[in-house]
1. Please identify the trypsin sites (Lys or Arg not before Pro) of segment 1-107 that satisfy two criteria: DSSP loop assignment and at most 16 other Cβ atoms within 10 Å. Which are they?
2. Choose one answer from 119, 218, 136: the residue with the largest mean-square fluctuation in a GNM of the chain with alpha-carbon springs under 10 Å.
3. For the chain, which whole percent of the accessible surface, found with a 1.4 angstrom probe, sits on carbon and sulfur atoms?
4. Residue-wise, which Karplus ³J(HN,Hα) couplings in Hz belong to segment 49-61, taking 6.51 cos²θ - 1.76 cosθ + 1.60, θ = phi - 60°, and x for glycine or proline?
5. With angles folded into 0 to 90 degrees, how steeply does helix 155-178 sit against the dominant principal axis of the chain? Use alpha carbons for both and round to 10.
6. Would you indicate which of (i) 20.1, 67; (ii) 22.5, 95; (iii) 21.5, 69 is the value of Rg and Dmax of the Cα atoms in Å derived from the coordinates of this structure?
7. As a test of the formula, what do you get for the chain when each DSSP H run with n ≥ 4 contributes -39,500 (n - 2.57) and the sum is divided by the residue count, at 222 nm and rounded to the nearest 500 deg cm²/dmol?
8. Just to be sure I understand the model, the point goes 7 Å from the Cα along the line to the Cβ. What's the resulting residue 157 to residue 174 distance in nm?
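The values are calculated or read from the model by the stated rules, or taken from the named source; none is laboratory data. These figures come from a predicted structure and were not determined experimentally. Note that we place each Cβ from the backbone using ideal geometry, even for glycine, and neighbour counts take in every protein chain shown. All accessible areas refer to the heavy atoms of the entire protein, side chains included, with ligands and DNA or RNA removed. Shrake-Rupley method; radii C 1.70, N 1.55, O 1.52, S 1.80 Å.
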Amino acid sequence: MTALPGGAPRFTTARAVTVAVILAALCAALGILALGLGAVPTPARSVLAALLGGGDDLTRQLVLDLRVPRVAVALLCGAMFAASGTVMQGVIRNPLASPDLVGVGAGAGLAATVFLLAWPAAPPGGLPWAALAGAWGGFGLVLLLAQERGGRLHPVRLALVGVAVAAALGAAQQLVLVRAPDGLGSALTFLTGTVYGADSLRAARLLPWALILLPAAWALHRTLDILNLGEDLATSLGTRVNPARLLALGVGVALAGAAVTGAGILGFVGLLAPHLARLLVGARHARALPVSMLLGAALVLAADTLGRTLLPPLEVPAGLLTTLVGAPYFLYLLRKTP
């Protein structure tokens with residue numbers, strides 16, 4: 001980062017690439033660390049040997065069958081929540097927008113719970129679609145209740161309505177779980193915001209969504225930059241504002257809906273990562289989106305790894321740790337927002 005004559009920072013592509021490389025290395029280091037931690041600690045040398053096809057059978061099973069899927073799910077869900085928050089903040093032009101604060105996460109969680117209860121034998125591929133429908137339902141309800149006269153969305157009003165709707169949908173989800181048949185409620189614990197129990201099937205279910213939606217989010221970077229200029233200026237530049245908003249919001253909601261099926265509602269990841277990315281590389285989405293994805297991935301993986309080591313053999317859900325970090329920052333943003 002260099003400085004302009006007036007003292008304002010100027011973010012460059014070279015800086016963004018450097019930050020991205022550092023964050024990618026951090027994710028790799030956290031991944032190696034996470035693969036070695038657990039009820040049976042595994043030295044880093046043994047982890048690397050197992051990844052390369054060596055080592056004994058027990059180590060390979062422990063690392064490849066149990067821990068690699070968990071690390072993969074944490075990285076994918078963190079990146080997807082972060083990208084979703086970045087897109088939503090860009091479209092709504094609201095620094096307080098994030099999947100868990102505008103009803104997207106809670107709506108997806110409730111819909112996924114009802115889907116699994118109603119069709120316990122349904123193929124796994126149907127779960128993300130149910131979550132996507134719930135995400136749109138929750139988000140639509142928040143927008144409907146938060147709109148002021150003339151369709152204006154005030155940032156603080158949107159955040160407060162989103163918190164209230166998310167709480168109501170979360171309570172409905174808990175009520176459904178309480179009334180669930182014996183044994184099924186425990187199978188839905190991942191919806192509380194944890195990567196516990198992630199297996200290769202869950203990782204395989206998430207991967208196609210991530211491979212499609214994460215590049216799609218980045219492909220919208222020019223559209224998001226234009227939408228950030230305001231409706232009048234965006235229209236004067238030839239952008240069809242409503243279709244562009246709908247497309248971008250569709251990608252953002254789909255990212256969050258799919259991520260919920262992998263790790264539950266990870267509080268404030270979609271709020272923290274975009275803000276940190278803009279502080280590091282500026283507001284241009286071509287730079288902020290990749291950095292935000294890497295930050296989200298690192299944040300969730302670090303929270304999951306820390307949760308496994310704080311109170312062994314008990315595990316602290318990753319969503320609890322991300323909320324403990326993100327909630328004070330949310331209150332700080334709330335006080336700053338006029």
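1. The qualifying sites are 93.
2. Highest fluctuation among the options: 119.
3. So the carbon and sulfur contribution to the accessible surface is 69 percent.
4. The phi angles translate into 5, 5, 5, 8, x, x, x, 7, 4, 5, 5, 4, 5 Hz.
5. 30
6. (i)
7. Rounded to the nearest 500, the figure is -23500 deg cm²/dmol.
8. 2.9
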